[in-house]
Every structure is written in structure tokens, then in C-alpha cells.
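Read through the structure below, which is laid out as C-alpha cells, and then see the notes.
The values are calculated or read from the model by the stated rules, or taken from the named source; none is laboratory data. From a predicted model like this one, the values you see are computed outputs, not experimental measurements. Every residue, glycine among them, receives a Cβ derived from its backbone with ideal geometry; neighbour counts consider all protein chains shown. Accessible surface is based on the protein model in full, side chains and every heavy atom, while ligands, DNA and RNA are left aside. Shrake-Rupley method; radii C 1.70, N 1.55, O 1.52, S 1.80 Å.
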Amino acid sequence: MWGFLRETKEIAEKAGIDPSTGLERTGLDIYLKEIFPSVDDWEHDKIIGHGLRIRPDYRSDDLKLIVEFDGIQHYTNPLQIIKDFENTKKYEALSYKVVRIPYFIQLSKTAVKTLFGIDTHDLFDDKIPSLSTKSKNTPAFLCPQGIIRMASDFLKFPEQYKSNIDALKKEDETLSGVKYLEDAYLRLSEGNC
């Protein structure tokens, strides 16, 4: 079974079992091998060069693809959010396609198609929520810009938005922040943000 996404196999193993669901975690490197079985030039956390001192999570020069796993810290600090957008522009200026995977989006068959344009077999189940107060990764733990970014990211993954909203509504609203996410999602879906 495919587990909750983490940046590497080692980080996934260290994190262990998810306390809310009992599911394991799976490194992005393992998912990338499954999604791109014939690609063997992935560089992890290596300086990109070209005068840039930034280190993308994963880079394939054969595919001209950079894949970034954006953990919760990419949603709690507005300076990090700005830096992510700036780095994406720098990568794109070097003709790389950039795929940013938010920590709350799991690599289901649908998500892989959305992110990479690749049809694959079933991987992670879209119906399993990835946000929980027990994991302290809900909208209540984010900065205002992070909530807007989360809502914007969820617009691309309506199945996972629904599973997470349904799960958050069953939790303590003070720690879930579900209303913040719902409000931002509604405003963005109506073009009001």
C-alpha cells in the first residue's frame, strides 16, 4: 500500500506510522520510481548550478523536470511562500517544468495525472484525508497566506479537498481551522482572491 508522502524514503521511515490513520509514509523518491520507471537521473537536494545556489528536492535533466515537496513550513511562513514562487520562476527561466507537491496532497492516480500528466495505476487513495489536528497540520496551524495557498492548491484536487474538509469538520474547529480553508476556497473558486 502507498503511504503518506514525505520527501525521501529515509524521512518516511523515520516518521513512521501516521497516528491518525495507521498508514505508513512513502518517500517521494519511491513514488518517482513508480511514476517514471525508465528515468534514472534524479538528483536529490543538489545545487542546480547556472549561477543559482538553490537545491530543488528532485531534478531530472533528462525530463527537464523539478519536483518540490512543500512541507508544512511552506505554508506557515509568508517569506517561505514568496521564496517558493521566486525559486519556481528561476527554475522555469532555465526551461524546467516545476511540479510543487503540497504536504496535504497525496499521490493518487488522479493527482499524478493532474501534476505530471501521466496515467498510472492506483496509488494513494483520494478518500483518505491527510489533514488532522493530531498531526498539527491543519489550516489552524498556518499563516493567512498559507491558508490562501492551501485553498489555491486544493482547487486542483477537488477529491482530496472533499475528503479533508469532511474529516476536518469532525474535529475541534479551534484546531482544525476548517472555516478558514472553506472561506478561502470559496473566495478563490468564485475568483474573489
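When the residues of the range 20-67 are filtered to those that are closer than 30 Å to residue 167 by Cα and assigned to a loop (DSSP other than H, G, I, E, B), the one that is nearest to the chain's Cα centre (by Cα) is 57. Screening residue 163 against (1) touching a residue at least 40 places away in the same chain (Cβ under 8 Å); (2) in contact with a Lys or Arg (Cβ under 9 Å, 6 or more places away or on another chain); (3) of a type in the set (Ser, Thr, Tyr); (4) open to solvent by less than 20 Å² (accessible area, probe 1.4 Å) leaves a single unmet condition, (1). Report yes if some residue within the range 119-136 is open to solvent by less than 20 Å² (accessible area, probe 1.4 Å), under 28 Å from residue 78 (Cα atoms) and in a helix (DSSP H, G or I); otherwise report no. Within the range 119-136, none of the residues are open to solvent by less than 20 Å² (accessible area, probe 1.4 Å), under 28 Å from residue 78 (Cα atoms) and in a helix (DSSP H, G or I).
Going by what's in this entry, would residue 111 be described as open to solvent by less than 70 Å² (accessible area, probe 1.4 Å) and not aromatic (Phe, Trp, Tyr)? Yes.
In this structure, is residue 53 open to solvent by 50 Å² or more (accessible area, probe 1.4 Å) and not hydrophobic (A, V, I, L, M, F, W, C)? When the stated conditions are applied, residue 53 passes them.
Would a scan of the range 68-76 turn up a residue that is of a type in the set (Asp, Glu) and surrounded by fewer than 17 Cβ atoms within 10 Å (Cβ to Cβ)? No: the range 68-76 contains no residue that is of a type in the set (Asp, Glu) and surrounded by fewer than 17 Cβ atoms within 10 Å (Cβ to Cβ).
Within the range 63-82, residues that are free of Cβ contacts under 8 Å to residues at least 60 places away in the same chain reach partners that are open to solvent by less than 10 Å² (accessible area, probe 1.4 Å) and in a loop (DSSP other than H, G, I, E, B) with beta carbons closer than 7 Å, at six or more positions or on different chains, in the pairs 66/56; 68/56. Inside the range 1-25, can you point out the residues that are of a type in the set (Ser, Thr, Tyr) and without any contact (Cβ under 8 Å) to a residue 60 or more places away in the chain? Within the range 1-25, 8 is the sole residue that qualifies. Evaluated against (1) at pLDDT below 95; (2) among the basic types (Lys, Arg); (3) surrounded by 17 or more Cβ atoms within 10 Å (Cβ to Cβ), residue 59 falls short on exactly one condition, (1).
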